[in-house]
1. Between Ser252, Ser126, Ser21, where does the largest GNM mean-square fluctuation fall for the chain, given springs only between Cα atoms within less than 10 Å?
2. Return a whole-number percent for the relative contact order of the chain, with Cα pairs under 8 Å and 6 or more residues apart as the contact set.
3. Taking the highest mean first, how do the peptides 76-84, 89-97 order by number of other beta carbon atoms within 10 angstrom per residue?
4. Based on the mean of other beta carbon atoms within 10 Å per residue, what is the order of 199-208, 138-147, most packed first?
5. Any idea what the alpha-carbon Rg over 2.2 N^0.38 Å comes to for the stretch 57-180?
6. What spacing in nm lies between the two simple spin-label points modelled at Glu180 and Ile274, each 7 Å away from Cα in the Cβ direction?
7. If I take all pairs of Cα atoms in the stretch 130-200, what percentage of them are more than 21 Å from each other?
8. What's the extension gain from Arg55 to Thr74 if we count 0.36 nm per residue and subtract their Cα-Cα distance?
Amino acid sequence: MVSVVITSYKEPKTIGRTIRSIADLRYSGLPSAPEIIQVSPDQKTLTAGKREAQRLRLGKRFIQIKDAREGKSTALNLALKQVRGEIIILTDGDVYFDKNAAGLLIKPFSDPEIGAVTGQPIPNNSKSTFMGYSANFFTYVADLKRRAVFSKKENGYFKGESDQFLLSGYIRANRNLDIEYAENFIDDAFMTLAIAKKGYKLAYVPEARAIVKFPRTLKDYLIQRKRNLRGHREIQHSAIAEGQKDHRSFLSELEYFLAPIKYAEMPKEYIWSILLYPLRLLTWLYVLIPQRKSKDPQKKTWERIVTTK
């Protein structure tokens, strides 16, 4: 049995499509009906999710949990107490899966060495604007990095060692291994390392796509990147990351220094690619300088990103 956990906050306009992209078997490609667990702190999103579940006649296969807005890790742990499936798919309420993505995501689990699988986020943003171009470029590089760490492709997916790349927070699945998320740590990085500690390998299925709306303003981009990169820096300095390679360091990004120029195709894109260099430097300064001043680097901070909704 497959269980799907959807965490969602203030996303009543998008949660229905998220549920539908997984529950509709003709679309999702899942071999059988999954259990779907929605975790939301706000009533509007819960109401919208319930309305879609009723329309799809999900019945007892749909479970809702109202959390106290104490962080995503806490919300995920609440859901895991209800999970019955051997495989757990995790995503967010402002993301929807592409056709057959859910089915493709669980196929690698036929290999007993695989402990977790990640798919490929695809921006819903047009490349006609600088922020849309940036989103498409960064997801392109993430795909390159994941492909680069594997030596072979088996049965339609890439397979590698568990600590060689990070799971995507937008589309991922793992075996139900009774792992509890640690508070204050970013969930996708924590699960990547937790799977590695248990001796499992990861798989990457680029054809399993999740459609994601990335930030459309510089302010929202910096908020999202600060939260993401700082979360990875914090977990990298924790006990669970001992002996593991740091995949999200400033120096590691220099390996793809020329990637922005190679990615550009039109004159304005070359200009935008050049602008990506100071943008990424600004992002790292935005992440690292406040962190040095903080007495509590694991302190919970959450700023809502409006333009991704």
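Read the figures in this text as sums done on the coordinates, not as results from a lab. Not measured: the values here are computed from a predicted model. Methodologically, a virtual Cβ is constructed for each residue, glycine included, from the backbone with ideal geometry; neighbour enumeration extends over all protein chains shown.
1. Highest fluctuation among the options: Ser252.
2. On the way: 551 pairs, mean separation 59.3, N = 309.
Contact order relative to length: 19 percent.
3. Numbers: 76-84: 16.8, 89-97: 24.9.
The peptides rank, most packed first, as 89-97, 76-84.
4. So the order, starting with the most tightly packed, is 199-208, 138-147.
5. 1.19
6. For the pair Glu180/Ile274, the computed spacing is 5.4 nm.
7. Summing the P(r) of the stretch 130-200 above 21 Å gives 34 percent of all pairs.
8. 3.9 nm
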